[in-house]
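Engineer: Got a structure for you, questions after.
Read-outs throughout are calculated quantities, based only on the coordinates presented, and are distinct from any laboratory measurement. Values in this document were obtained by computation on a predicted structure and should not be read as measured data. With ideal geometry, Cβ positions are generated from the backbone for all residues, glycine too; neighbour counts draw on all protein chains shown.
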Amino acid sequence: SHDPEIVERVREVCSEDGWGLLERGGVGQFRFGDLSRYGRSARKVIKDLRLIGSRSHDKFIPRAYLEASIADRIELLKGLMDTDGTICESGSMSFCTVSPDLRDGVVELVRSLGGVASVGEKLTTYTYKGERREGRLAYNVNIRLKDRTMAFYLPRKLERAAAPYQYEDCLYLNVVSIEPDGE
C-alpha cells in the first residue's frame, strides 16, 4: 500500500493475534507473517475461509463476516473502502471490483448497515505489449450511508466523508414491485 496508515492499521490489528506484516522486496510490498510461537493458526483460519490464493475475479466476503456484529461489519467496510473504495470531491462513494461475488458481498454489507447500494457495470480495457485488449467486466457499487465517516479510516478519505453532502437527507430505497411468494 502507498498509504502508510493502512499498513499501520493492518499491523495493529494483526499483532493482536500474533501476526504481522513483513516487508517483502520493494517499497510498499508486504506479506503476512506469523510472529508468535503458536504456529500458523491465523493462516489456517484464512485458508479455511478460502481466502488464500484467490484472484481478483474470485474474491468474496465470507458469510461469517457478513453475519458478524455491527462493529465488525463497520470495520470490514472501512478496510474495503480504504483499499478499493473511492470518495469523490462531491462526496459520492463507490467500490469497484471485477468479482461478482465481492460485488454482491459489498452490496449486502452496505445494506446490512442501513445504507443504499446500487451497481453499475463497465467493460474494461488494458494495453499489453502495445496492443489494446478487452479486460474483465468491472462492477462499480455506488454507496450511500447516513454517516459516511463510518466507511473510512484514511484521513484523506475521512476528510471528504465528513464534509457536507447534498444527498445526505435522501437515504431511502424505492419499491419497484411487490410480488406474491406463496404462504
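Engineer: What ranking do 175-182, 65-72, 87-94 get when scored by the average of other Cβ atoms within 10 Å per residue, highest first?
Structural biologist: 87-94, 65-72, 175-182
Engineer: So for the pair ALA138, ALA71, with labels modelled 7 Å out along Cα→Cβ, what separation do we get in nm?
Structural biologist: Once both label points are built, they end up 3.6 nm from each other.
Engineer: State the extension gain, in nm to one decimal, for the chain segment bounded by GLU8 and ASP84, taking 0.36 nm per residue of separation less the distance between their alpha-carbons.
Structural biologist: 25.7 nm
Engineer: Taking H as built 1.01 Å from N, whose amide H comes closer than 5 Å to the amide H of ASP3, not counting residues under 5 places away?
Structural biologist: Those lying under 5 Å, H to H, from ASP3: there are none.
Engineer: Lysines near LYS47 by alpha-carbon distance under 17 Å, same-chain residues fewer than 8 away left out - which ones?
Structural biologist: Output for LYS47: LYS59.
Engineer: Give, in nm to one decimal, the length gained when the segment between VAL119 and LEU49 is fully stretched (0.36 nm per residue of separation minus the Cα-Cα distance).
Structural biologist: 22.6 nm
Engineer: Work through the residues other than GLU67 whose Cβ is under 12 Å from its Cβ and net out their charges, Lys, Arg +1 and Asp, Glu -1.
Structural biologist: 0
Engineer: Follow-up. What is the distance in Å between the Cα centres of segment 72-87 and segment 120-145?
Structural biologist: After rounding, the separation between the Cα centres reads 20 Å.
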